[in-house]
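The structure appears below as structure tokens.
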Amino acid sequence: MNDDTIREQIERVRDEAAQKDFEFAEVRYAASAHSGLMLQDGRADRAGAGRRAGLGVRVLRGGAWGFASTESPHAADWLSCLGDAADMSTVSASRQEEPVVLADAPAVLDEIHTSFDIDPETIPFERKLAAVRGYEEASAQAAGERVANLMTGYNDARQLEIVCNTRGTMISSRTVRTLVWHAITAQDGSVRQRSREIRAGQAGFELVEQTPAQELSVKAADRAVALLSAPPAPAGKFPAIFHPSIAGLLVHEALGHNAEADHVLAGQSILEGKLGEKVAAECINVVDDSGLPGSWGSYRYDSEGTPGRRRAIIENGVLKGFLHSLETAGKMGVEPTGSARADGSAHRPLVRMSNTMILPGEAALDELISDIDMGLLLRAGQWGYVWCEKGQYTCHAGEGVMIRDGQLAERVRDVSVSGMVLETLANALGASRDFELEMAGNCGKNGQSMPVNGGGPYVKVREIVVGGQG
């Protein structure tokens, strides 16, 4: 279908909904086209492309939601989808303990097109494969005989989301995202070390052309090889400096999910009941900002048609706010923050993060390190896990550097840190002027995956539990 036909059919469903006894109705069309490939040890491990499009209809009647979706392109099926959503709201109302109330949001009419230089759809598969193969070959050359495994991947996606509702909103958002990554496992005897680098953004194929192997695959290879001769990290409690990648991992996994208002309302967040209270050291300022140009997690409007913006979560250590949808904002009596995002047409919008970060401070890295007699600089954030209800987290760093007598010393490997979120934030002693936002990835929640980004400055923490691994 062309754009005009899509909009006409959406408006027809919206107009039909406006004649019903709904408190609110939303018609959302989502279409995507993607391509990707992955090499493993020089062989094509996976390659493919695909397209998908569909309609999701959500209605609020009697204080209860009804939702239905279809991938049919036919107008009659779209109208039937509205009827199915209405039927679901009736079923939901019979089980609803508390009526849904939506926050007010002004009607918006807009069309958004993210900018890019080279359309990935115009690039032949062979050219994409050659770029990926070039990264892998450069890594293999850098690591030499110590290579145990190489994996390199490329993905691009073009997405269209049209949001239309009975409040008068009609928004069309087109985005293009491109991502390239490389992972290497190096081995020396019984010691194996894995390192990974990723570059991603709202951009076209120019992202690949602007990312030389030295900054991606060779960087990963050099780190993995260097760690083979590094001793395991010591176990115990130490002062620590978090690299921006670790700060980003921590703020997303350990704090960001706790700041999602649906978790708060469900009693699954350690931040429940703490608005206006001091929950971190004064040097900690945390925001979620969907308006950063070109960032992997950015968007202009969320999947409810609410404008995205910078959302203050913590200011000078004080909890200032949560991330909200229309529903959670209505329940808490606050303004929506444009944080409701849906993964395609078959899912309803959920409260989600975008670009979540600790804001930079005023210190230089040398200043943060200078008074540490024995501690660790944690770098290359890889993965993390948080138990939201308890605020307990674990983060794994790809590498560590010992700090001795106020100076950076030897590398160490196999570094994991754990602790309680609010205790760690309260123990922060400073944040650097240096800042990075390069933790692009896809965050999963309730079966939906959304692009997000994270980062921050170097953050100094008075004490952290380090679990070294042999």
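For region 347-390, what are the residues that are more than 23 Å from G297 (Cα to Cα), touching a Gly at 6+ places or on another chain (Cβ under 9 Å) and not acidic (D, E)?
Passing the criteria: A363, L368, I369, S370, I372, L376, L377, L378.
May I ask you to say which residue of I184, I246, I198 is of a type in the set (A, V, I, L, M, F, W, C), out of contact with any helix residue (DSSP H, G or I) (no Cβ under 9 Å at 6 or more places or on another chain) and outside the structural domain of V452 (by TED's automatic domain parsing)?
Result: I198 is the single residue among I184, I246, I198 that is of a type in the set (A, V, I, L, M, F, W, C), out of contact with any helix residue (DSSP H, G or I) (no Cβ under 9 Å at 6 or more places or on another chain) and outside the structural domain of V452 (by TED's automatic domain parsing).
Just to be sure I understand the filter: pairs with C-beta atoms under 6 Å, separated by 6 or more residues or on different chains, first member in region 309-323 and within 18 Å of A431 (Cα to Cα), second member small (G, A, S) and not in a strand (DSSP E or B). Which pairs pass?
Short answer, once both residue conditions are applied: A312/G321; I313/A259; I314/A280; G317/A280; G317/A281.
Out of curiosity, is V417 part of a strand (DSSP E or B), over 18 Å from N316 (Cα atoms) and in contact (Cβ under 8 Å) with a residue 60 or more places away in the chain?
yes
Look at region 190-206 and say how many of its residues are of a type in the set (G, A, S) and within 12 Å of N155 (Cα to Cα).
4
Search region 429-456 for residues being modelled with pLDDT under 95 and of a type in the set (S, T, N, Q), and hand back the single one that is farthest from A380 (Cα to Cα).
N446
Any idea which residue in region 386-414 is nearest to the chain's Cα centre (by Cα), counting only those that are part of a strand (DSSP E or B), in contact (Cβ under 8 Å) with a residue 12 or more places away in the chain and under 13 Å from I270 (Cβ atoms)?
Going through the qualifying residues, I end up with V386.
Just give me the residues in region 101-139 being farther than 30 Å from G338 by Cα, in contact (Cβ under 8 Å) with a residue 24 or more places away in the chain and of a type in the set (A, V, I, L, M), in sequence order.
Scanning region 101-139 gives I123, L129, A131, V132, A138.
I'd like to check something: does region 166-173 contain any residue that is modelled with pLDDT of 95 or more, part of a strand (DSSP E or B) and among the charged types (D, E, K, R)? Steps first, please.
Kept after step one, since they are modelled with pLDDT of 95 or more, are these residues of region 166-173: 166-173.
Retained after the next criterion (residues that are part of a strand (DSSP E or B)): 170-173.
Imposing the further condition that a residue be among the charged types (D, E, K, R) reduces the set to none.
Scanning region 166-173 turns up no residue that is modelled with pLDDT of 95 or more, part of a strand (DSSP E or B) and among the charged types (D, E, K, R).
The values are calculated or read from the model by the stated rules, or taken from the named source; none is laboratory data. As the structure is a prediction and not an experimental result, all values here were calculated from the model. No Cβ is skipped: glycine too gets one built from the backbone with ideal geometry, and neighbour counts run over all protein chains shown.
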